[in-house]
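The values are calculated or read from the model by the stated rules, or taken from the named source; none is laboratory data. Please read all numbers here as calculations on a predicted model, not as lab measurements. Using ideal geometry, Cβ is built from the backbone for each residue, glycine included, and neighbour counts are taken over all protein chains shown.
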Amino acid sequence: MSTVLAQQLPVTMKAVGVKAPGGADQLELIELPVPLPKPGEVLVQVRAAGVNRPDVLQRLGLYPPPPDANPNLGLEVSGVVVAVGQGVSESMLGTPVMALCNGGG
């Protein structure tokens with residue numbers, strides 16, 4: 001069970017997807033369900049995301065994400081913790097953070 005900040009989480013979020021390997025024209029803004037954090041995880045309301053070299057290589061089809069990684073772009077994020085998974089202190093709620101993630105940032 002996840003603990004959520006006082007405000008209700010939205011049902012969906014926006015993400016950058018890749019239609020097919022290629023240039024920047026293959027990027028698309030997609031809508032996905034907002035995930036709930038698993039045990040030991042936090043959910044970050046992203047305020048800024050970065051695109052780095054592996055993201056570009058992934059878009060070109062030259063760097064497949066690991067099997068357990070999120071297939072959407074975004075390895076660098078910053079924002080605020082809005083939900084915590086089991087085993088994470090509720091004191092994290094509302095904390096500004098920055099992180100490297102395994103995709104989908």
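Which condition from (1) more than 18 Å from VAL34 (Cβ to Cβ); (2) in a loop (DSSP other than H, G, I, E, B); (3) over 16 Å from the mean Cα position of the chain (by Cα) is the one that PRO66 breaks?
(3)
List the pairs whose first member sits in segment 93-105 and is closer than 18 Å to PRO66 by Cα and surrounded by 14 or more Cβ atoms within 10 Å (Cβ to Cβ), whose second member is of a type in the set (Asp, Glu) and at pLDDT 90 or above, and whose Cβ atoms are under 7 Å apart, counting only residues at least 6 apart or on separate chains?
Filtered contacts from segment 93-105: GLY105/GLU76.
Pull up segment 15-29, narrow it to residues that are closer than 22 Å to CYS101 by Cβ and surrounded by fewer than 10 Cβ atoms within 10 Å (Cβ to Cβ), then point me to the one that is nearest to the chain's Cα centre (by Cα).
Filtering segment 15-29 for residues that are closer than 22 Å to CYS101 by Cβ and surrounded by fewer than 10 Cβ atoms within 10 Å (Cβ to Cβ), the one nearest to the chain's Cα centre (by Cα) comes out as LEU29.
Being touching a Leu at 6+ places or on another chain (Cβ under 8 Å) and not small (Gly, Ala, Ser) is true for just one of VAL82, VAL97, VAL88. Which residue is that?
VAL82
Looking at (1) touching a Phe, Trp or Tyr at 6+ places or on another chain (Cβ under 9 Å); (2) modelled with pLDDT of 90 or more; (3) of a type in the set (D, E, K, R), which is the only condition ASP55 fails?
Status for ASP55: all satisfied but (2).
Would you pick out the residues in segment 49-105 that are among the charged types (D, E, K, R) and within 22 Å of LEU27 (Cα to Cα)?
Residues satisfying the conditions are ARG53, ASP55, ARG59, ASP68, GLU76.
Restrict the check to segment 30-37 and report whether at least one residue is of a type outside the set (A, V, I, L, M), surrounded by 13 or more Cβ atoms within 10 Å (Cβ to Cβ), at pLDDT 90 or above and more than 15 Å from the chain's Cα centre (by Cα).
No: segment 30-37 contains no residue that is of a type outside the set (A, V, I, L, M), surrounded by 13 or more Cβ atoms within 10 Å (Cβ to Cβ), at pLDDT 90 or above and more than 15 Å from the chain's Cα centre (by Cα).
Which condition does GLN45 not pass, out of (1) over 21 Å from GLY94 (Cβ atoms); (2) modelled with pLDDT of 90 or more; (3) surrounded by 11 or more Cβ atoms within 10 Å (Cβ to Cβ), if it passes all the others?
Among (1) over 21 Å from GLY94 (Cβ atoms); (2) modelled with pLDDT of 90 or more; (3) surrounded by 11 or more Cβ atoms within 10 Å (Cβ to Cβ), the lone unmet condition for GLN45 is (1).
Would segment 87-94 turn up any residue that is at pLDDT 90 or above, assigned to a helix (DSSP H, G or I) and either on the phi > 0 side of the Ramachandran plot or among the small types (Gly, Ala, Ser) (or both)?
Yes, there is a match, as at least one residue in segment 87-94 is at pLDDT 90 or above, assigned to a helix (DSSP H, G or I) and either on the phi > 0 side of the Ramachandran plot or among the small types (Gly, Ala, Ser) (or both).
Any residue that is crowded, with 16+ Cβ neighbours inside 10 Å and of a type in the set (S, T, N, Q) - is there at least one of those in segment 63-82?
Checked segment 63-82: at least one residue is crowded, with 16+ Cβ neighbours inside 10 Å and of a type in the set (S, T, N, Q).
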